[in-house]
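Here's the structure, in structure tokens; my notes come after.
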């Protein structure tokens with residue numbers, strides 16, 4: 001048994017475990033819906049996807065023009081997943097916090113993490129939030145921008 005490290009502190013943020021599918025997408029800088037990082041996504045993962053027998057089932061996936069063998073849980077999307085623009089604004093805000101924590105754990109470059117943090121902050125404080133369709137406008141915009149952003153990341 002290991003011992004506790006003197007002076008170590010516990011995290012001040014509770015980050016729920018996400019699906020292997022979402023974590024795999026993050027590790028390859030692919031777009032993944034924020035739904036996977038909201039409570040509904042976590043509950044769906046616990047109920048349907050990341051079961052121990054799924055870890056033994058393998059599939060073939062294409063990564064950077066190479067075929068790889070990996071766990072089915074890491075390549076199968078949930079049929080319950082919602083696009084970002086279909087989340088409520090409050091669910092979107094909660095999910096983005098968990099998403100940002102998981103991007104840190106996935107060792108995304110600090111520059112990208114800073115850009116994402118600023119992007120989400122600007123969305124939360126955008127003047128459009130004063131308009132009648134405020135949340136729908138912001139979420140639709142975000143959904144399109146995030147897809148484009150991830151394509152740019154992959155293109156290099």
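The values are calculated or read from the model by the stated rules, or taken from the named source; none is laboratory data. Worth saying up front: this structure is predicted, and the values here are computed from it rather than measured. All Cβ positions, glycine included, derive from the backbone under ideal geometry; neighbour counts span all protein chains shown.
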- request: Go through region 95-133 residue by residue and tally those that are in contact (Cβ under 8 Å) with a residue 24 or more places away in the chain and not in a helix (DSSP H, G or I).
  value: 2
task: Hey, can you tell me all the residues within region 27-48 that are buried (at least 21 other Cβ atoms within 10 Å of the Cβ), at pLDDT 75 or above and not in a loop (DSSP other than H, G, I, E, B)?
output: 34, 35, 36, 37, 41
message: Would you confirm whether or not region 118-131 contains a residue that is within 16 Å of the chain's Cα centre (by Cα) and surrounded by 13 or more Cβ atoms within 10 Å (Cβ to Cβ)?
response: yes
- prompt: Is it the case that residue 82 is surrounded by fewer than 13 Cβ atoms within 10 Å (Cβ to Cβ) and either modelled with pLDDT of 85 or more or closer than 18 Å to residue 27 by Cα (or both)?
  reply: no
Residue check, residue 155 at negative phi, modelled with pLDDT under 85 and over 15 Å from the mean Cα position of the chain (by Cα): yes
